[in-house]
Amino acid sequence: MHPAINDTDSKSQWEPLAPTKEAHEFHLSQTYHEGLLKLQAKEYEKARELLESVLKYPLIANAQVDSSASDGHLLQLSIIIPRALLAAALSNDLVILSLQL
């Protein structure tokens, strides 16, 4: 039996709760935003790493088109991140090409 949240007299060991789906979504959104900032700053490799990490995250990878409305944000990320990755790859190739000329 677990102690009540407001139980200050209990000697039982507290078990940490797993992060909620919303907490995961928030973290993924923050990481995506960070990736976009790196892309804007022309830090293409770091941007690619961040965006790919979001795309590979199980919540994103398993987002379904016909899922509940709560998965809509995850589905959006799964669609727009490949576009951002493509932009990073193209920008990086253009930078490399211009350096070689």
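The values are calculated or read from the model by the stated rules, or taken from the named source; none is laboratory data. Just so we're clear, the structure is a prediction, and the values are computed from it rather than from any experiment. Note: ideal-geometry Cβ built from the backbone for every residue, glycine included; neighbour counts use all protein chains shown. In case anyone asks, the SASA skips ligands and DNA or RNA and just uses the protein heavy atoms, side chains included. Shrake-Rupley method; radii C 1.70, N 1.55, O 1.52, S 1.80 Å.
A few comments on the model shown:
- Working note: Karplus 6.51/-1.76/1.60 with θ = phi - 60° gives region 83-91 the couplings 5, 5, 5, 5, 4, 5, 5, 5, 4 Hz, where Gly and Pro are set to x.
- Accessible area ranking (1.4 Å probe, heavy atoms, ligands and nucleic acids excluded), largest first, for Leu85, Leu74, Leu55, Leu90: Leu90, Leu55, Leu85, Leu74.
- Rolling a 1.4 Å probe across all protein chains gives Tyr57 an accessible area of roughly 70 Å².
- Computed 3J(HN,Hα) for region 74-80, one whole-Hz value per residue from the Karplus formula 6.51 cos²θ - 1.76 cosθ + 1.60 where θ = phi - 60°, is 5, 5, 4, 4, 5, 8, 7, glycine and proline marked x.
- Which of Arg48, Arg83 is most accessible, then next, and so on - probe 1.4 Å: Arg83, Arg48
- Extending 7 Å from Cα along the Cβ direction at Leu37 and again at Leu90 yields two label points whose distance is 2.5 nm.
- Full-stretch length increase - Gln76, Glu15 - with 0.36 nm per residue and alpha-carbon distance subtracted: 18.6 nm
- Each residue of region 15-32 was assigned a 3J(HN,Hα) from its phi angle through the Karplus expression (A = 6.51, B = -1.76, C = 1.60, θ = phi - 60°), giving 10, x, 7, 6, x, 6, 4, 5, 5, 4, 4, 4, 4, 5, 5, 5, 5, 4 Hz with x at Gly and Pro.
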